[in-house]
Amino acid sequence: MSFAAYKMMQCSTGIDNCATGFLTHSRADTVPLQPDDLDAEWPSRPRRVGPLPNLVVTAANVLEVYAVRLQQDQPPKAADPRRATLLDGIAGASLELVCHYRFRLCPLTLGGVSPLDNVQNLGMKFRGGCEDLLEFRAILVICFSSGSYHNGNMGHDLDSLLLNLLHGNVETMAVLSIGGGDASRKRDSIILTFADAKISVLEYDDSIHGLRTRTGMWKMYRACIKHAVAISFSMLFRARGFSLHLVCYLFLPASSLHCFEGPEWLHLKRGREQFARGPVVKVDPQGRCGGALIYDLQMIILKATQVYPLCLVNLKYFVAYYLFVLYLAGSGLVGDDDALGYSGAVAARIESSYMINLRDLDMRHVKDFTFVHGYIEPVMVILHERELTWAGRVSWKHHTCSISALSISTTLKQHPLIWAAANLPHDAYKLLAVPSPIGGVLVIGANTIHYHSQIPRSSFNVELDAANATWLLNDVALLSTKTGELLLLTLVYDGRVVQRLDLSKSKASVLSSGITTIGNSLFFLASRLGDSMLVQFSCGSGSMLSSNLKEEVGDIEADAPSKRLRRSPSDTLQDMVSGEELSLYGSAPNRTESAQKSFSFAVRDSLINVGPLKDFSYGLRINADANATGIAKQSNYELVCCSGHGKNGSLCVLRQSIRPEVITEVELPGCKGIWTVYHKSTRALNTDSSKLTDDDDEYHAYLIISLEARTMVLETADLLSEVTESVDYYVQGKTLVAGNLFGRRRVIQVYERGARILDGSFMTQDVTFGPSNSESGSASETAIALSVSIADPFVLLRMSDGSIRLLIGDPITCTISVTSPTSFESTKGSVSSCTLYHDKGPEPWLRKTSTDAWLSTGVGEAIDGTDGAAQDHGDIYCVVCFDNGSLEIFDVPNFNCVFSVENFMSGKSHLVDALMKEVPKDSKKGDRDGVVSQGRKENVPDMKVVELAMQRWSGQHSRPFLFGILSDGTILCYHAYLYESPDGTSKVEDSVSAGGSIGLATTSVSRLRNLRFVRVALDASAREETSNGSSRQQITIFKNIGSYQGFFLSGSRPAWVMVLRGRLRVHPQLCDGSIVAFTVLHNVNCNHGLIYVTSQGVLKICQLPSGSNYDSCWPVQKIPLKATPHQVTYFAEKNLYPLIVSFPVLKPLNQVISLVDQDANHQNESQNMNSDDQNRFYPIDEFEVRIMEPEKSGGPWQTKATIPMQSSENALTVRMVTLLNTTSKENETLLAIGTAYVQGEDVAARGRILLFSLGKNTDNPQSLVSEVYSKELKGAISALASLQGHLLIASGPKIILHKWNGTELNGIAFFDAPPLHVVSLNIVKNFILIGDIHKSIYFLSWKEQGAQLSLLAKDFASLDCFATEFLIDGSTLSLMVSDDKKNIQIFYYAPKMSESWKGQKLLSRAEFHVGAHVTKFLRLQMLSTSDRAGSAPGSDKTNRFALLFGTLDGSIGCIAPLDEITFRRLQSLQKKLVDAVPHVAGLNPRAFRQFRSNGKAHRPGPDSIVDCDLLCHYEMLPLEEQLEIAHQVLLSELNACVESLVKLLDHSLTLTALGNSESRQLLDRMSIIDPNGCLILWSLFDALLMDDVDVT
């Protein structure tokens, strides 16, 4: 294996940082309107719910922005008593995703080089052109060398895509707020920091519906480089009286990027290469500035400003700026959006930055800092330690910390010291600013809390190590401790003087990594070790709390407000001793004020977390199919992971695909489609819709099955019974579609040449599709319906002649009539696909995007008052896509065009109405695109949209999705959003007023001018490779299957697409292969289930598994353990999972000391303790091995047996091993456990090896597990493995191989090398891979003959290993290792190479930076591809394995081997994508993947791993950009081939001298793009072989 591919299969789930801010809206947007009449009556509420900000969370390389949705005053259901209590008038709350980004980190670069390198390259490229450009270069150098890439001139736009990459892990995060109170219409911005010293400021842009940094001048500069436009910028602007730097400043008033890395900032490190933490950012509460601590002692002050996009200082500046923009726009260097600048709401922005060296202020060791409230200028308080101490010197030096308050003057760049406090405890670690009107700061230590300000302080003692805090009220803080307890800290004050601090226990919660308040009624608990939770709180005063609120103080159970958000009980808020006072310190003994406040809590929502993944195992599912083969066999297996810590510990069962629970199945060959319909004969015409049964609770009446030549009808009562002969359905041929009309009072059945309306089983109308009014001749008579779309009361038909028909229903008479829309012009071509969209609800969403929102364009009035339809008021639209690729939306039934997009199938990132914007007339660009498009047409002929769907699922704030499937299997997905252009005028209106013609018959003012779509990514696993005559993909919408909503994608690669939190979650269904038909079913025996038919002709009635949570990349089921899981293994014979868990047990301190002293021969320690110390309890972790069995019904797993460890004995490893019994000559499968005694550093390390036999009777725990062997060894038993029937044990620094005789283990070989502590053992045949905690890896071999363990080679570098594994590619064996710097390396053994020091050294084959700590590799065999169409015979390697890995962040990825030709192609594409893909937050995807050595000596290895996460962006690019990149890749590779060949000829080397086979092998490596593209090289090669060409 020389090459590999890396792909992250599941994003990180453990949340590191959380913050709140008004990003997508302002404070004024959410303030409730007050009544005009002061005497008007308002409903009384306990407390006003203020404006709710957005929640921003980061998890390693993931950034997510959520909107908080409240459910107010909704009566709860009786079945849900836990949510029956209304807190502040709120019945529930949930989190809805606004935008989602993944990060990758690098220097702020272009194409992988530094910014200064780009400036130098610019000068070199333009040096031969114009001398004035040297001044341009000098100005840019000055701007860059200031260290503040402010005003966004290093950034790229962030597209609101689900998988848009930001290239790095977020270290810290803060929200920069402008302030202004609840009436402010300004928005906040996000400040992100990245290692080592990078700062990015992002803001929300309504026009793209996502976060963005400003591009502006930097994009123009890049465009100039790209097109090599030699223009004198300095001369252009010097004549107008200002410099180019000023133009950059005026043009780029938005978010900024700051970088303090590189040679010019090397002095800031002061010779250090490693730092304990990355950059830390905090912001002023009033948004006046921010501060970022880098390199531990350098404080960066970020000055905030408020600048509008075109806020220019002088008229001449505006004229020059406008001329500059017009020139660049006319030259085609920038687009319209870039030329005109950013438009939208004003957000907080950074104007400039400067640096403060804290060493000059006599601050040596900074621990934390914050900005405090209540000062005219920003005041920064810094917690620092002048002189370090440690635990051994605490008795002599313990008050070593100090705080210093600096007044920050951003204008004068001065920072005088205004007050300070010294002699703080050495373990103080956090500062918490106290809100106004109190002000000041809380200093939180491991055992104390201190309040400081310019007035006297208060403090008291409490255990608060590693706590997180936020403010619920101005005087009440909520602290989350490291044990998960929630503490309420109340500041009792008089004016601004804090008299004392009161602390009380409140609840027990998740182990948090961060906490933030959302508005004045919610807070968010972020966690890396458990599920993060959204909690509502309510504050009352004693007796004023209602009885309902008092009940909420009790236990809060696990279920979240939504059925689809299932959470384990370990992640809930558990009741503590409410109101218990911990400790007090102050002058006033009276505590009546603090006792008056009482809080109640309710968990409203949660975000699932599967991290940290410490270990995992691969096992069979309960309902596995033993006959499955190929890709369907993958669905038989599940990944069982050790996740969480302490009370949040759990087993996470991850499944890559969904396997529905089958109720029954039947053979049904030749099925083409299935549908279920409703019918209720007692439904009256004018029945009040409020009295009707809920639509979701109504049972289906009939099941219609379309076969090849006939139709079957079945009743869906208690049993499915066929009633084909007794109904009036069309059964003589196949059915195209069946559904309900007129509020479910009628059933419509559409077949190829007609349609029938039925009242239950009786037909009321039969309609035949005749020729339209404009058609005549025999051709129109032969037109049949190909596809059908139903939106009550309309039915849309797409005919075989490319036209469409509309069936219009009359709700009064329940009849339909056929019409042909006359608004379609023949020049548009045939219709390739079409669909109807019903914009339901009393306030239709699309109506908000109309030019005149008060106009009703739909049929709401026509169906008003009808039964079942009154609740579906709204508008109906027709979405049509033509053969030429254009997409248009028409209102129904008038068919006026309200939205149109050209070239829809190209996959643009955003869709904007073509008639609402000016189309650039760039002839050069058009020529280039024309050439590229022509080349594309040769490769992909007749591409068109074959399937369309548009749907808006239920939800008050939901928005429509638009889906399109292309003929090549590509799935386009767009999400609609509302954007009002700031100009306030429509291009259509302008053209109409000017007398221009638009080209459409209607230019109605009701056009959807504010409608836009943003493209979102779907998992590529749902895409079909080719449509080779098999069943094509079809979209089936469902609104309630197991309480989930979304759509099912049928075809050769079926998948579920679920709408959760406003985003699409794609889960494939691999168990049944291709699926030809799918529909929902709801009856007595199948509650909200489904029916699908496989390509093998099997109809299955199923339900969705209820035990899994689908709001994740993979469906996950969490099994709470209430303990910390460490390692898990799988016993396949009994389907059991043995795992190591630990849990704390409180023991008296004298017992703990006696356990240690017993072995250390100390007898005096416990005797010298007083009685109080001896009675103190101390938590000690106890270990045990649990044998767990999956529950067949999908419920909680059962613990079949438990193997406890001895006191002070830690279980380190557990493995199922197969040993050869030398007595009976039979293989035995045993459970092996390795332990270690942890008794302090004075006791010699020792451990035990335990062997257990698992019996056949799994029902009896006593007979299930029996101990067969136990022995104590020197050193800790840290790793175990079976090697050819022997047991390999890592015991301390020794590797010992044992043989098993049935009763005992006998050592037969050992390897005594310098490993310190073995963390992993891997076996392949007779080869052994050892990973050491500090000494990297060792490669050994076992020789049966001679019984020798011999060292083959090792890595001589110092590497802290986390996990190791073998990577197998055919006959090639490679060694994989992950380290503590979040890297992975691939080594190989090559004794014949000189670099290997005669085989002693392992050589590096590849290295890659993952960005997360990889804790486990799992080797899985890859599926064979030899059966695929188009594969060359014999080209597939059957012995090829991939490595699946898990990380501490909760992410899952894989490393797979690649052949050289595939790797070269992907690598060439990856190099182009580095520049083509937007660099979100100014970060580059190339440098992030470089190996991180943190200052250690390291020789860079080969770049032999391609990043599939980056390559996935190729499909998200528009078709024109894909073609251009492919064309560039082809040209670059051809040029490289030609250069290589010319180089050979220049050195007078003929290809014939190399030999025929070697020469052809060389050209095989050169012609890597396309054999057809290298015909010239092959012809030259053949000519050289035949001596037809003179080499000279």
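Across every direction, the projection of the convex hull enclosing the Cα atoms of segment 1327-1397 has a mean area of 5.6 nm². Checked against a 25 Å cut-off, the cross-linked pairs Lys282/Lys367; Lys1225/Lys1271; Lys1118/Lys1271 give Cα-Cα distances beyond that limit for Lys1118/Lys1271. The rule of thumb for compact globular proteins, 2.2 N^0.38 Å, goes into the C-alpha radius of gyration of segment 1174-1295 1.22 times. If R₀ is 56 angstrom, what is the calculated FRET efficiency for the pair Asn1301 and Leu1423, using the beta carbon separation as r and rounding to 0.05? Calculated transfer efficiency: 0.85. Estimated at 0.36 nm per residue, the fully extended path between Ser436 and Ile663 surpasses their Cα-Cα distance by 75.6 nm. With the convex hull of its Cα atoms as the shape, segment 782-850 has an orientation-averaged projected area of 6.3 nm². Rolling a 1.4 Å probe across the protein heavy atoms gives segment 405-539 an accessible surface of 29 Å² per residue. Legend: distances between Cα atoms for Lys303/Lys1472; Lys680/Lys1100; Lys1335/Lys1398; Lys1335/Lys1392; Lys269/Lys482; pairs beyond 29 Å are Lys303/Lys1472; Lys269/Lys482. Treating r as the C-beta distance of Ile784 and Glu1460 and R0 as 51 Å, the FRET efficiency rounds to 0.50.
May I ask which of Lys647/Lys1147; Lys7/Lys1496; Lys397/Lys647; Lys1122/Lys1147; Lys397/Lys430; Lys1200/Lys1274 have a Cα-Cα span longer than 29 Å here?
In this structure, Lys397/Lys647; Lys1200/Lys1274 exceed 29 Å between Cα atoms.
Taking 0.36 nm per residue of separation and subtracting the Cα-Cα distance, full extension of the segment from Gln634 to Thr724 would add 28.5 nm.
The residues of segment 696-771 expose, per residue, 42 Å² of accessible area to a 1.4 Å probe. The listed peptides 1389-1396, 1459-1466, ordered by packing as a protection proxy, come out as 1459-1466, 1389-1396 (highest mean of other Cβ atoms within 10 Å first). The slack between Ser823 and Arg277, meaning 0.36 nm per residue of separation minus the straight C-alpha distance, is 190.1 nm.
Of the accessible area of segment 1037-1165, computed with a 1.4 Å probe over protein heavy atoms only, carbon and sulfur atoms account for 49 percent.
Note on Thr411 and Arg1032: with the Förster distance fixed at 56 Å, the Cβ-Cβ geometry gives a FRET efficiency of about 0.30.
Highest mean packing comes first when the peptides 527-534, 1514-1521, 1302-1309, 192-199 are listed by Cβ atoms within 10 Å, giving 527-534, 192-199, 1514-1521, 1302-1309.
The values are calculated or read from the model by the stated rules, or taken from the named source; none is laboratory data. Quick caveat, the model's predicted, so the values are computed rather than measured. Every residue, glycine as well, gets a Cβ built from its backbone with ideal geometry; the counts of neighbours run over all protein chains shown. With ligands, DNA and RNA removed, areas are computed over all heavy atoms of the protein, side chains included. Shrake-Rupley method; radii C 1.70, N 1.55, O 1.52, S 1.80 Å.
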